[in-house]
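Step one of this worksheet: look at the structure below.
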Amino acid sequence: MAHPALHGRIVIATHNSGKLVEMRDLLTPFGLEAVSAGELNLPEPEETGLTFMENAAIKALAAAKATGLPAIADDSGLCVAALGGEPGIYSARWAGPDKDFTRAMRQIEELLQAKGALSPAQRQAWFISALTVAWPDGQLAEVEGRVDGQLVWPPRGNMGFGYDAMFLPEGETRTFGELTREEKHGLPPLGRGLSHRARAFIALVDQVLQ
């Protein structure tokens, strides 16, 4: 089933300021007017899904139905191989109600140290981004992006957010926290589209943003 092309106004279903910056950067070249759920004072729905995609759909549908506008939501997180894929869909919750990702990164490092995961091969990790566009009638467009890498300690760089400063993407010498916004999630040809969110967005373009 073909999805309607997006145009005009769209809601970014997030209250996360870092995620909002990245989503706006991705949407701007397509001439969309993006307003966030936080700016509209929409309540945050309870994320009861068991996968990134399920939680992205919950957020996008809630915003679309509340506003009568198409809404886009991202559910993303860090998965660590040595920790059985954790924190995964609970990545934000590991940072606590005060969103202290410095503490969350330290917790991950302590768990890795306890497991003796010291070499790069033992510190493999990946970021997942599930992107969902929802229309007020309940129609969904869903894609997923992934980037693999390894965790470093101590964290490096302050240009990202969340767990970026401890994540070294495969083939790179700088962490996500050391890369510029354009390098991390800018789309080709200007950017390199390195991030999980950029990779998911490139897939989404083919469905609803051509």
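Computed from the coordinates by the stated procedures, all read-outs in this text should not be read as laboratory data. All values derive from a computational prediction rather than experimental measurement. Cβ atoms come from the backbone with ideal geometry, glycine included; neighbour counts cover every protein chain shown.
Quick notes
- Within the stretch 37-75, the set of residues being β-branched (Val, Ile, Thr) and part of a loop (DSSP other than H, G, I, E, B) comprises Thr48, Thr51.
- Those residues of the stretch 110-138 which are charged (D, E, K, R) and either part of a loop (DSSP other than H, G, I, E, B) or under 21 Å from the mean Cα position of the chain (by Cα) (or both), in sequence order: Lys115, Arg123, Asp137
- The stretch 149-159 - residue that is surrounded by fewer than 22 Cβ atoms within 10 Å (Cβ to Cβ) and either among the aliphatic types (A, V, I, L, M) or under 15 Å from the mean Cα position of the chain (by Cα) (or both) and, of those, farthest from Arg181 (Cα to Cα): Val152
- Inclusion of Val143 among residues that are surrounded by fewer than 22 Cβ atoms within 10 Å (Cβ to Cβ) and closer than 30 Å to Ala60 by Cα is warranted.
- Residues located in the stretch 123-145, provided they are under 21 Å from Gly177 (Cβ atoms) and not small (Gly, Ala, Ser): Arg123, Gln124, Trp126, Phe127, Ile128
- The residue that is nearest to Thr67 (Cα to Cα), among those in the stretch 106-139 that are surrounded by 23 or more Cβ atoms within 10 Å (Cβ to Cβ) and of a type in the set (Ser, Thr, Tyr), is Thr132.
- Residue count for the stretch 160-186 under the criterion of being in a loop (DSSP other than H, G, I, E, B) and more than 15 Å from the chain's Cα centre (by Cα): the result is 9.
- Any hit, the stretch 24-32, residues being surrounded by fewer than 17 Cβ atoms within 10 Å (Cβ to Cβ) and farther than 26 Å from Val208 by Cα: no
- Gly145 vs. criteria closer than 30 Å to Gly68 by Cβ and either part of a loop (DSSP other than H, G, I, E, B) or not β-branched (Val, Ile, Thr) (or both): yes
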